[in-house]
Every structure is written in C-alpha cells, then in structure tokens.
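Structure first, then comments.
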Amino acid sequence: MTPNQFLSTDDVRDRFSKAMSALYQAEVPQYGTLLELVEQVNQETLEQQPELRRRLQAQGELARLNVERHGAIRVGTAAELAMLRRLFAVMGMHPVGYYDLSEAGVPVHSTAFRPITDAALARNPFRVFTSLLRLELIDSDALRQRAEAVLAQRDIFTPKVRELIARHESQGGLTDAEADQFVQEALETFRWHQDATVDLDTYQALHDEHRLIADVVCFRGPHINHLTPRTLDIDEAQRRMPAMGMNPKAVIEGPPRRQSPILLRQTSFKALEEPIRFAGDAQGTHTARFGEIEQRGMALTPKGRALYDQLLNEGRKQTAGLDNEAHQAVMEKVFAAFPDDNETMRREGLAYFHYHLTEQGQAARGVTTEDIDTLLAQGLVEAQPITYEDFLPVSAAGIFQSNLGGGANEAYAGNANQTAFEQALGAPVTDELALYAEREHASKTQVLAKLHASD
Ligand code: OOG
Ligand code: NI
C-alpha cells in the first residue's frame, strides 16, 4: 500500500475532535448550550468588528474558529501516558510543553498534545491538556499502594485501538475505514463511566487526600473533563453565562482585555455533581466535569513572557478576593506597562510574528535588502501575530482549583520534574517557544527567498 492511500493525520484529528464534541454534548448537555453561546457571541463580535474579521480571515483563523476546541484528561500511570502519546500521534498531535501543577498544590504534571505545523494548526488545532497523577507526592504509603494496586487493574484502551495504533506505526498511516474505526475505538478511552472501580470507602480515602486523586484512580478511564470552544469576546461570553444557566468561576484567568490580545484568557463553570455506583452497590456522587471557554491572543517571546509573568505576579498580589470587574480593572492598570499595539510589540521583540508578502511584494523582483524592517516600511512585507496555541500554568491551576473546590495542598509544591515526566511519556516534550521561533524564522526565510529571486 502506498502512503497516499492513507488518510492524513490532520483528517483523523478533525474526525476525532468532531466525534469527541458530539460525545461530550450527549454526556454534558450544558456543553451544547455553551457552544451555542460562544457561536452567538462570535457572530456578533465579527459583525461589530469588521477589522477583526479581516484579520482573522487573513491569518487563516476564521475557517478554524468553529472547529477549535481543547479538552483535558488526567491519567494515573506512566504506561497510560506513554500509550496516549502513541494514540495522539495517529492524529498528528505531539506533546508540547511541560506544566508543573504541584506549584499550585495539585499533584499532577502535564503536557499538551497538539498539532505543530502551520498547515496542521490551520486545518484543526485540536489540543488535549494531559496530566499525569503523581502518586509519589502522596505521604501515606498505604494509600499510595492502594491507589497503585487499583490502577494496575485497569486498561484504559480497547484491544482494537491498541491494534490500530500499532498498524498506524508499522504501515505509516491508516486507511479511511481504519481511521473511522480508530476514532470510534479511541473515543472509548475518553468516555464517562458511571460505575466506579472501587468501593465507597476507598473512594473516600483517596478523595480525602485530594479530590483529583479519587478522580484519576477510581474509574475505568480518564473521562474527558471539559471541552473548550474559542470565543472572540470572553468578557461578553462570561457576562451572558448566568442567563443561560451556567455559573462561571469568579474571575477570568490570564491577561486583561487588550487591543492586541496576548496569550490566553479563560473562564469555566463549575463541575457537575454526577451519580456514581460504587463497587458493593453503594450509591454516591462525584464531580469532575465542567465547562470552559477561552480567548486566544498572540504568542509571546521569552522576553514578552517574562514581562507577562512579572505583571501577572504584581497583579495577583492586588486582586485576591476581588470580583471579576474589580480584578480586571486592577489587571488593566498593571498591564499598562505592556505595549498594546502589534508594531511596538514586534519591534521590541515581545511577540512572535508570521511574515508574508503583500501584493506589492509578490510583484517585486530581485530585491536585495535582507532587512525585514526595511521591507515592512517599503510595503513589500506584512507581519501578522502568531496565535498562542498552548496553555498557562497559573491559569490552569486556577481552573483546576475552581473545579476541585479550592483543593490545594501546599505540601506538593516545589516538585517540578520534567525528566520524570518525559521518562513516563517515553519521549521528550517539545519546547513551545522553540516552535513559535521556528515558525517565525521559516516565514522570514521564505519571504526573503521570494523577494531575492530574480525571475
Ligand atoms: C486541566 C485544567 C487545565 C486549562 O485550560 O488550562 C486546563 C484539568 O482540569 O484536567 O484545561
Ligand atoms: Ni482547559
């Protein structure tokens, strides 16, 4: 069989993300309402801001807007994480970034599985924030061993999906029919299970250590715990949530509202309390799943990110306990120190940009200058901000905590261990900043090559 008889990994991902969205809508009806709300706000925003529409169109982001989602799961063992890496690879999703949540009192560390090339991101940027439970952070030997024993009993993958992953690896892809089967079988890993694998006492003991531990250990699989659409106006979406029956968390995480949005702003609504049948037939409830929305802005360079982190920390000292309106007002004041127009941010090296030729640039021949700034000034080249495709550890901690009822344990802090995470994963994670830098660099090289060509 020749490689072109295989479906592209981008198509497999697109099918899977749509199937996942349908599954989650069936499992959590409020997610369907959330999608409607986001779509409505996005439509209105695009109508009110033709300039934004033009920009998104030019960046190739308008087309992906309606398919754009991220999800999150949490797994319990190195073997589960390593197998997930192979499963996501079938869909062209690779581990990017390392997030240490122990700092925020949550006993996990994480990566994001996502597409990495310009073309794959434009097609469907589906991402899954994936956390690995850190049982080594549990103090009690007895409880840790109990959790390990429970996890050792389960297989979160169907035999068929294991077979299809191996086939993808050996033959270099999946056919159309195999891809459909893969999507159905892979979905089984992410599905919700009403039956716990443990009795109520075990659940309670793990829950008392940390709610997250019970969530990871006590079920047959790592149920998808949220699926997040991308909104163009998160302030407006948050405002409208209560009227649609959703109770948003107190504040929008991340940077404040800006002319030139940076990184990522996020808000979520509380987890649902769901009925569970425990081993031995006891009835109880568990809360795990929630709703979230996000607004994405531009990716920052290490210099821009350092400024963001510094201002975020300053802001956080002044915002404890404030409601969203007051919180945002403080953040806006603090972030006045962060330049808020694309050109200044580009010149100062605060954000990443994608360079392309203008119409005039496309007609030009034999240009000799190598200097991008000169070419921009001459109108031959245009710079567009590169969208941030990743996550933010402080925001993620806020999302975890608001949905875990504030369950933070300071004893977990100070335990970043990227090496251990990569060992469990069976591969290094890609540095997200290096990826943006590469994409910026490649666009520059391409533009210069075209302008220098003499024919
Ligand atoms: C993941 C929380 C982090 C985000 O968007 O930052 C996250 C989880 O609760 O498993 O999804
Ligand atoms: Ni999320």
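Name the residues in the stretch 377-420 that are under 14 Å from the mean Cα position of the chain (by Cα) and of a type outside the set (Phe, Trp, Tyr), would you? Talk me through it step by step, then tell me what you get.
To start, the set of residues in the stretch 377-420 that are under 14 Å from the mean Cα position of the chain (by Cα) comprises 387-397, 399-400.
Those that are under 14 Å from the mean Cα position of the chain (by Cα) and of a type outside the set (Phe, Trp, Tyr): THR387, GLU389, ASP390, LEU392, PRO393, VAL394, SER395, ALA396, ALA397, ILE399.
Table: residues versus (1) farther than 24 Å from SER260 by Cβ; (2) touching a residue at least 40 places away in the same chain (Cβ under 8 Å); (3) part of a loop (DSSP other than H, G, I, E, B).
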| residue | (1), (2), (3) |
| --- | --- |
| LEU376 | no, no, no |
| GLN384 | no, yes, no |
| VAL394 | no, yes, no |
| ALA397 | yes, yes, no |
| PHE400 | yes, yes, no |
| THR419 | yes, no, no |
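Of the numbered criteria (1) assigned to a helix (DSSP H, G or I); (2) touching a residue at least 12 places away in the same chain (Cβ under 8 Å); (3) of a type outside the set (A, V, I, L, M, F, W, C); (4) surrounded by fewer than 22 Cβ atoms within 10 Å (Cβ to Cβ), the one GLU80 fails is (4).
Residue pairs whose Cβ atoms lie under 8 Å apart, sitting 6 or more positions apart in sequence or on different chains, and linking a residue in the stretch 62-73 that is among the charged types (D, E, K, R) to a partner that is more than 16 Å from ligand 2 (Cβ to nearest atom), are ARG64/LEU121; ARG64/ALA122; ARG64/ARG123; ARG64/ASN124; GLU68/ASN124. May I ask you to verify whether SER395 is modelled with pLDDT under 90 and touching an Asp or Glu at 6+ places or on another chain (Cβ under 7 Å)? Criteria met by SER395.
Give the residue that is nearest to ligand 1 (Cβ to nearest atom), with candidates limited to residues of the stretch 274-306 that are in a loop (DSSP other than H, G, I, E, B) and of a type outside the set (A, V, I, L, M).
First, the residues of the stretch 274-306 that are in a loop (DSSP other than H, G, I, E, B): 280-282, 288-290, 297, 299, 301.
Filter again for of a type outside the set (A, V, I, L, M), leaving 280-281, 289-290, 297, 301.
Details: GLY280: 28, ASP281: 29, ARG289: 10, PHE290: 8, GLY297: 15, THR301: 21 Å.
Looking at residues that are in a loop (DSSP other than H, G, I, E, B) and of a type outside the set (A, V, I, L, M), I get PHE290.
A Cβ distance below 9 Å, combined with a sequence gap of six or more or placement on separate chains, defines the contacts here; from the stretch 349-374, residues that are more than 26 Å from MET298 (Cβ to Cβ) reach residues that are polar (S, T, N, Q) and loosely packed, with under 12 Cβ neighbours inside 10 Å in the pairs ARG365/SER454; GLY366/SER454.
Taking the stretch 374-406, which residues are away from ligand 2 (no atom under 16 Å from the Cβ) and among the charged types (D, E, K, R)? Lay out the reasoning, then the answer.
Initially, the stretch 374-406 is screened for residues away from ligand 2 (no atom under 16 Å from the Cβ), giving 374-387, 405-406.
GLU382, the sole residue that qualifies.
Has the stretch 307-314 got any residue that is within 16 Å of ligand 1 (Cβ to nearest atom) and assigned to a loop (DSSP other than H, G, I, E, B)? No.
For the stretch 399-409, the count of residues that are within 15 Å of ligand 1 (Cβ to nearest atom), loosely packed, with under 12 Cβ neighbours inside 10 Å and not β-branched (Val, Ile, Thr) is at least one.
From the list GLU236, GLU253, the lone residue that is away from ligand 1 (no atom under 14 Å from the Cβ), within 25 Å of LEU322 (Cβ to Cβ) and either among the acidic types (Asp, Glu) or not assigned by TED's automatic domain parsing to the domain that holds PRO275 (or both) is GLU236. For the stretch 177-228, filtered to residues that are charged (D, E, K, R) and within 15 Å of ligand 1 (Cβ to nearest atom), the residue that is modelled with the lowest pLDDT is ARG211. Among residues that are in the same structural domain as ASP100 (by TED's automatic domain parsing), more than 23 Å from the chain's Cα centre (by Cα) and in contact (Cβ under 8 Å) with a residue 24 or more places away in the chain, GLN145 is not included.
Considering the stretch 216-237, the residues that are surrounded by 24 or more Cβ atoms within 10 Å (Cβ to Cβ) and in a helix (DSSP H, G or I) include one that is nearest to the chain's Cα centre (by Cα), namely ILE234. Selection of the stretch 98-122 for residues being away from ligand 2 (no atom under 14 Å from the Cβ), assigned to a strand (DSSP E or B) and not acidic (Asp, Glu) yields TYR98, HIS109.
Taking the criterion of being within 16 Å of ligand 2 (Cβ to nearest atom) and touching a Gly at 6+ places or on another chain (Cβ under 9 Å), the residues of the stretch 206-233 that qualify are LEU212, PRO222, ILE224, ASN225, HIS226, LEU227, THR228.
Pull up the stretch 56-101, narrow it to residues that are within 16 Å of ligand 1 (Cβ to nearest atom) and of a type in the set (Lys, Arg), then point me to the one that is nearest to THR189 (Cα to Cα). Explain how you work it out, then say what you get.
Narrowing the stretch 56-101 to residues within 16 Å of ligand 1 (Cβ to nearest atom): 68-76, 80-81, 84, 88, 93, 95-101.
From what is left, the residues that are of a type in the set (Lys, Arg) are 69, 74.
Values: ARG69: 18, ARG74: 11 Å.
Here the residue is ARG74.
The values are calculated or read from the model by the stated rules, or taken from the named source; none is laboratory data. Small disclaimer: the values here were computed from a predicted structure and weren't measured. Here the Cβ is made from the backbone with ideal geometry for all residues, glycine too, and neighbour counts use every protein chain on show.
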